[in-house]
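J.: This is the structure, below, for whatever I ask next.
The values are calculated or read from the model by the stated rules, or taken from the named source; none is laboratory data. Small disclaimer: the values here were computed from a predicted structure and weren't measured. Backbone-built Cβ (ideal geometry, glycine too); neighbour counts: all protein chains shown. Ligands, DNA and RNA are excluded from the accessible area calculation, which covers all protein heavy atoms including side chains. Shrake-Rupley method; radii C 1.70, N 1.55, O 1.52, S 1.80 Å.
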Amino acid sequence: MEKGFVENGFIIDLSNAKNTTQLVFELSSIMEHPDVKGKRICLKLGSMDLKQSQLLSIKALIESMEATIAFIDTKSEQTEASAVSLGIIVSEITKESVPTLTASSETVSMDAEPVAVKEEENEDESKTIEVTAETEERYSPIETADGIEDTYEEETTQELSEVIPAESFNNDFESLALNEGILKTEDASKYILLDTGDVLPKGVEENTIDTESLPTLYINQTLRSGQTVSYEGNILIIGDAHPGSEIVATGDITVWGILGGIAHAGSMGNITAKVRALKLNAIQLRIAGLYARRNDTLNVPYVQKTNEFTPEEAQIEDGKIVIYKKLRRD
Amino acid sequence: MTGRVIVITSGKGGVGKTTTSANIGTALAKDGYKVVLIDTDLGLRNLDLLLGLENRIVYTIVDVIEERCKLKQALVKDKKNPNLSLLAAAQTRDKTAVTAEQLKEICDTLKEENDFVLVDCPAGIEQGFQNAVAGASEAIVVTTPEMSAIRDADRIIGLLEAKEEITSYKLLLNRVRPSLIKSNEMMSVDDVVEILSCPLIGIIPEDTGIITSTNKGEPIVNDEDALAGKAYRNVALRILGEEVPFLDLDEPKGFMAKIKNAFSKLKVKV
């Protein structure tokens, strides 16, 4: 970042821009600064080659923000020639200091909106249904996976736009789960059972209560390290559960995000309880009296952010915790 | 058998207490001693991460105190070394979940069956510090060659001196950068020792390997080549009472110089 002197103006250093698109992007983000109005601007263009038309549009951009180009500093002969033909002064930046503006974080942060922290709230029923209705269309591509893609997709969208009662959605979902389009694969190496002995509280016995009959707690927030949620029923987290957090439910646990902490489903001995997440990366998985730890080879002490999600579900089978991946058939 | 209970403390945060605990503990266990590490930083536990044991923790120190499990159940064995075990702090509770008496009781029980009980102290001088120090009879004060860390270390040494149970305390100087000392930009080891007038137990050089070792959950003492690892192994030896010379941190770098250096070391051994 070179410093120089321009009377009633700034130097904008764009010499780091790799192409014209980046240059224009950086320039325009700086020009949004309210202080730029009415100022004289010196552009530092480095060795970028600019055609006359390109330079003209940069000039127009600056003038549209009610500023003027004082002079430009360039190492490129082509840019220099273009500038001369447009009557822009080409000069070299020298000594002394003027506020130099680059596309700094300061500029960016002015545009960024404060992140709203959503508090835990009771979802009202109508809202939930609204959400499911929206999701409905997105589910159809999975159904099309068995080969009749084109026609089927059209049919479904039409059908869904007409009827969207919540009950029929439930039925659809069941048929989806049975559909061959979802492959269930066991991922055996991921979790290893811990030898913990008897961990269930005294007097609590294994049971197989239907988790669907239990109430569900909705949590619309990311769980951070040190935070715990426990509930007599199912827990649904819309957000991530970071490592160091703990979720304990007597029923199922579902995380609509990355599960990185500890999850204990069926904490009062329900062996049919399940843990599911968009990305199952839990440090420990606990279902009823079975505790399993993540394999050490996967033991990365931080959440790996990813855009690829393969929803996974953990449950007890033959005295072990097994994980099913839901894969789309490609 | 009565083991030694050593608290690792510093006052200031971020100077390397937890790294020191993990490394000295691992080094002592490697030498064949039975070691228990206690993390007393409730709510901000890290020691399990450094040892790569996070996924094995079922019970914590708070579960032991609140009698949800036996002390033995809560000890997590190290992956590699069965001599080393960890008593983890609870992540979902705070310092008030434990009292000094309770921690002292745990230390007393543990020292009966172990050679060393190392207590990783939280930053600060409040209850967390008081708890951690309660069961210990020795202390290692970790500091870095910065004025703020030294000031806090001085405060801690004052508090340790006031405790009757603490019979000895030693200074461990962490993150030393010989090149900066040479160019007079960092306080030298002698300066720090003079300011704090406290016996030195180790000098650990700044080592970027610490960052990777922390992220991997593998203490740097397991890396035979790392200089910081070697320094920590030496600290462990000094704890055991051996006289080990401090590492020569500004070793010459050229190839010939290295050979010369190797020869000169040989002579010392003979």
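J.: Would you mind checking the tilt of helix B:17-30 against the longest principal axis of the Cα atoms of chain B, expressed as 0 to 90 degrees and rounded to 10?
T.: For B:17-30 against chain B, the angle is about 90 degrees.
J.: Are any of the pairs A:202/B:111; A:274/A:320; B:34/B:77; B:30/B:104; B:12/B:34 more than 23 Å apart by Cα-Cα distance, and if so, which?
T.: A:202/B:111; B:30/B:104; B:12/B:34
J.: For the stretch B:155-222 and the stretch B:96-154, what is the centre-to-centre distance using only Cα atoms, to the nearest Å?
T.: 16 Å
J.: Rounded to two decimals, what is Rg over Rh for the stretch B:13-74 when you use alpha-carbon atoms and the Kirkwood radius?
T.: 0.98
J.: Enter the mean number of other protein chain beta carbons within 10 Å of the beta carbon of each residue in B:163-169, as an integer.
T.: The per-residue average across the peptide is 0.
J.: On to the next question. Go through the stretch B:54-72 and flag every residue whose accessible area shrinks by 20 Å² or more with all protein chains in place compared to the isolated chain (probe 1.4 Å).
T.: Those are B:54, B:55, B:56, B:57, B:58, B:59, which lose 20 Å² or more relative to the chain on its own.
J.: What accessible area, summed over both chains, is buried at the B-A interface (1.4 Å probe, Å², nearest 100)?
T.: 1300 Å²
J.: Could you give log10 I(q)/I(0) at q = 0.18, 0.26 Å⁻¹ for the stretch B:169-244, computed by the Debye formula over C-alpha point scatterers of equal weight, without solvent?
T.: -0.80, -1.19
J.: Round to a whole number: what % of the accessible area of the stretch A:186-328 belongs to carbon and sulfur, probe 1.4 Å?
T.: 47 percent
J.: Using per-residue counts of other Cβ atoms within 10 Å, averaged over each peptide, order B:217-223, A:201-207 from highest down.
T.: Top to bottom by mean Cβ count within 10 Å: B:217-223, A:201-207.
J.: Would you calculate the separation in nanometres between label points at residue A:49 and residue A:75, each defined as 7 Å from the Cα along the Cα-to-beta-carbon direction?
T.: Reported label-point gap for residue A:49 and residue A:75 is 1.5 nm.
J.: Turning to a different aspect of this structure: Provide a whole-number value for the mean count of partner chain Cβ atoms within 10 Å of the Cβ atoms in peptide B:91-98.
T.: Average neighbour count from other chains, rounded to a whole number: 3.
J.: May I ask you to find the residues of the stretch A:269-287 that are shielded by at least 30 Å² of accessible area once the whole protein assembly is considered instead of their isolated chain (probe 1.4 Å)?
T.: A:283, A:284
J.: Roughly how tilted is helix B:227-239, in degrees to the nearest 10 and between 0 and 90, from the longest Cα axis of chain B?
T.: 60 degrees
J.: Oh, and also: So what's the stretch B:67-222 giving for Cα Rg divided by 2.2 N^0.38 Å, two decimals?
T.: Rg over 2.2 N^0.38 Å, computed on Cα atoms: 1.17.
J.: Leaving out ligands, DNA and RNA but keeping every protein chain, what accessible area does residue B:137 have, in Å² rounded to the nearest 10, with a 1.4 Å probe?
T.: 40 Å²
J.: Also, I was wondering about something else. In the stretch B:138-191, what percent of the accessible surface is made up of carbon and sulfur (1.4 Å probe, ligands and nucleic acids excluded)?
T.: 43 percent
J.: Taking 20 °C and 1.002 mPa s as the conditions, I'd like the Stokes-Einstein D for chain B in µm²/s, using the Kirkwood hydrodynamic radius from alpha carbon pairs.
T.: 113 µm²/s
J.: A follow-up question, please. Grab the beta carbon distance between residue B:154 and residue A:16, set R0 = 45 Å, and tell me the FRET efficiency rounded to 0.05.
T.: 0.45
J.: Something else about it: Give the accessible surface of the stretch B:4-269 per residue, rounded to a whole number of Å², with probe radius 1.4 Å and ligands, DNA and RNA excluded.
T.: Heavy-atom accessible area per residue stands at 46 Å².
J.: Distances longer than 22 Å among the Cα atoms of the stretch B:1-105: what percent of all pairs is that?
T.: Value for the stretch B:1-105: 27 percent of Cα pairs lie more than 22 Å apart.
J.: Quick one: go through the stretch B:60-86 and flag any residue whose amide nitrogen is under 18 Å from the point 7 Å out along the Cα-to-Cβ line of residue B:99.
T.: Residues B:61-68 fall inside that zone.
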